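A short reminder: the numbers here are calculations on the coordinates, not readings from a lab. A quick note: this is a predicted structure, and the numbers were derived from the prediction, not measured. Cβ sites come from the backbone with ideal geometry, for glycine too, and all protein chains shown count toward neighbours.
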Amino acid sequence: MARPREFDEEAALTAAIDCFWSRGFEATSVRDLAARMGITGASLYNAYGDKRALYRRALDHYVSCSVGERIFRLESTRRPRDAIAGFLAEIVERSLNDAELKGCLLVNAAVEGAPHDAELQSAVVDVLRQIEAFFRRCVVAGQTDGTITPRHAADELAGLLLGVLMGIRVLARARPERPLLEGLLRPALAILDDPHPKGPH
């Protein structure tokens, strides 16, 4: 019978996220992780395997608690165009409130590790596709209810919105300026609007 965990796994994963987030994958050692998580190196290996496996778990947990929660909340409570605008607005606020300029753990993984690690690249791509799929669902629904223009293909608009999201997160690490970041949102959201809406006859 498997032995029960002798530590709070939720707290340990949160600590691992903070460690990877502040240092990056390569610069974070197992010793750093064990110290931040409040466990021994042996317990870390027994519970998670190697450093890369723990990074994957930490990334999955981060995505579930941030991206996944936001998508579910906005998609279930707002109209399609408002859900898109709300998602991007929250990203801007998170970026502006990032005092340590740590950026987004997912975007950092995409830039730092994914190009050199096929397994990590696959994990990052899966999450980016989840976000893109959220944008696509919202666009299709908005085109159906008339709140988003049908002038552009849903796939193209979803890709554009994903690119804007990634751009905000990367740019904010160097220039966390509200006018700049909100200025990126306005034209992107304007593309969703029909320049020639049909009025009542």
The chain, relative contact order in percent, only Cα pairs under 8 angstrom and at least six apart counted: 21
At q = 0.23 Å⁻¹, what is the base-10 log of I(q)/I(0) for the range 1-114 according to the Debye formula with one equal point scatterer per Cα and no solvent? Please give it to two decimals. -1.26
State the answer as a single residue: which of 131, 46, 153 lies farthest towards the positive end of the charge dipole of the chain, with beta carbon charges of +1 for Lys and Arg and -1 for Asp and Glu, about the Cα centre. 153
Descending principal axes extents, the chain, alpha-carbon based, whole Å: 73, 41, 28
Just want the ordering: 112, 93, from fewest to most Cβ atoms lying within 10 Å of their own Cβ. 93, 112
What helix-only [θ] at 222 nm does the chain give? Using -39500 (n - 2.57) per DSSP H run of at least 4, over all residues, to the nearest 500, the answer is -22500 deg cm²/dmol
Charge tally for neighbours of residue 90 with beta carbon under 11 Å away, counting Lys, Arg as +1 and Asp, Glu as -1, is +1
Pop out the Kirkwood hydrodynamic radius of the range 136-179 from its pairwise C-alpha distances, inverse of mean 1/r, in Å to one decimal. 11.7
Return the FRET efficiency for the residue pair residue 152, residue 125: r is the Cβ-Cβ distance, R0 is 25 Å, and the value is rounded to the nearest 0.05. 0.60
Extended-chain gain in nm, criterion 0.36 nm per residue less alpha-carbon gap, residue 118 and residue 173: 17.3 nm
If you rank 37, 166 by fewest surrounding Cβ atoms within 10 Å, what's the result? 166, 37
Sum of side-chain charges, residue 162 neighbourhood, beta-carbon under 12 Å (Lys, Arg +1; Asp, Glu -1): 0
Mean Kyte-Doolittle hydropathy of 1.0 or higher plus an axial Cα length of 15 Å or more: which whole DSSP H helices in the chain meet both? 154-174
